[in-house]
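Encoded as structure tokens, the structure appears first; notes follow it.
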Amino acid sequence: MASKALFSIIPRVKRKEEKEERKRSFLKNGSMLLEDLIASCDGKSHPIRCYSAAEIIRAANNYPCCIIDRSPFADLYRGILDDRTVIIKKYRDWVDTDRAIRDIIISMQMSTHKNSLKLLGCCLEFEMPALVFENAGKGGLNFDGSLVADNELLPWKTRLRIAKQLASALTYLHTAFPRPIIHRRITSHCILLDDDCVPKLFDFSLSLTIPPDQLYVQEDFATGRMGYLDPTYVKSRQISEKTDVYCFGVILLIFLMRRQAAYWNDAGNAWEYLTRDPKLNVSDGQIQIETIADPKILEEVGGDEQAQQQLQDFLALALLCIQEKTEARPDMIDVAKELVRIDKSILP
């Protein structure tokens, strides 16, 4: 029954008026989508299906306990369409329609990458478009990097592989298109895992494209999730590829330390940030990995010197990504290459 409430936007009026409302929404959203498609990729993109409102509602009603995640901007839940389990993203009515359209377009462009959540289609008949994605059986991650479904702690090798594959997806986002696309809001909630724990990056609603012959976009104000915000971006309001690199560095720290990016202090009266943990700010010598790593990882690694060095290299990369000066941070492609090297540093 909960799924029906998700679509309370459908007015309880006569069938004819309902059809007219859906038609108006379809024409409005469809024209916006077409206009942005032409501007973004010359009208060429990965083909997707256009679902009706009735199909989306039936999909939700056919799946019990369907809610995966709720955010201030959208609900994410499972449904059944064409005899397959899918993930449906339904934006809230007050959200700017441009965000949903942008999410559709960039999701279409990214669907060819194996570590991006594949967009199957969308529905334009609601006031706000709904997106239909492939299923990701394991679901999402908690703020500390554990699995939402059962708080399962992922093994170190799995965390490292997930980081490596996410870096590949972000590198693709930055380099595979005529102009770099910045994700802009990389957090643990933008990552879903399939049944084999293969990561799927999604939520491109705040993404933007760097204009030709420019290295950044100047914004009026900074936006992002607490704990992930690039301090240089906050000060300058200039967003670039290095903004994503900073956020990804925070993700690496979460995977290594199993800590939240932002949390209340012991007194419960102020926020503290993982990137400012005193244990990470050691000026005289190397950080002792046993003082900051997740105990589960340390238990797995034991006294293996090669594995200890692997953790140390992973930490060094994370700290490089969160350097305050943007020019000191690596490009995403170099982050991806280093993660491949770290992964191969211990032979199976």
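For every residue, the table says whether it meets (1) of a type in the set (Ser, Thr, Tyr); (2) exposed (fewer than 14 other Cβ atoms within 10 Å of the Cβ); (3) modelled with pLDDT of 95 or more.
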| position | (1), (2), (3) |
| --- | --- |
| LEU229 | no, no, no |
| LYS242 | no, no, yes |
| ALA267 | no, yes, no |
| ALA270 | no, yes, no |
| ASN281 | no, yes, no |
| ASP284 | no, yes, no |
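This table checks each residue for (1) basic (Lys, Arg); (2) within 20 Å of THR232 (Cα to Cα); (3) not assigned by TED's automatic domain parsing to the domain that holds PRO155.
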position: ILE292; (1), (2), (3): no, no, no
position: PRO295; (1), (2), (3): no, no, no
position: GLU300; (1), (2), (3): no, no, no
position: ASP304; (1), (2), (3): no, no, no
position: GLN312; (1), (2), (3): no, no, no
position: LEU317; (1), (2), (3): no, yes, no
position: GLU324; (1), (2), (3): no, yes, no
position: LYS337; (1), (2), (3): yes, no, no
position: VAL340; (1), (2), (3): no, no, no
If you take the residues in region 217-227 that are within 21 Å of ALA167 (Cβ to Cβ) and of a type outside the set (D, E, K, R), which one is surrounded by the fewest Cβ atoms within 10 Å (Cβ to Cβ)? GLY224
What is the residue count in region 39-58 for residues that are at pLDDT below 85, buried (at least 18 other Cβ atoms within 10 Å of the Cβ) and closer than 23 Å to GLY137 by Cα? 0
Could you say whether any residue in region 214-224 is in contact with a Cys (Cβ under 8 Å, 6 or more places away or on another chain) and not hydroxyl-bearing (Ser, Thr, Tyr)? yes
Return the residues of region 175-192 that are surrounded by fewer than 22 Cβ atoms within 10 Å (Cβ to Cβ) and over 11 Å from the mean Cα position of the chain (by Cα); say none if nothing qualifies. THR175, ALA176, PHE177, PRO178, ARG179, PRO180
Any residue in region 199-209 that is modelled with pLDDT under 95, within 20 Å of ILE87 (Cα to Cα) and surrounded by fewer than 20 Cβ atoms within 10 Å (Cβ to Cβ)? yes
The residue that is modelled with the lowest pLDDT, considering only those in region 82-113 that are buried (at least 22 other Cβ atoms within 10 Å of the Cβ) and of a type in the set (Gly, Ala, Ser), is ALA100
Looking only at region 59-81, and only at residues there that are in contact with a strand residue (DSSP E or B) (Cβ under 9 Å, 6 or more places away or on another chain) and in a loop (DSSP other than H, G, I, E, B), the one that is surrounded by the fewest Cβ atoms within 10 Å (Cβ to Cβ): CYS65
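The values are calculated or read from the model by the stated rules, or taken from the named source; none is laboratory data. Everything numeric here is computed off the predicted structure, so don't read it as measured data. Reconstructed Cβ throughout: ideal geometry from the backbone, glycine too, with neighbour counts over all protein chains shown.
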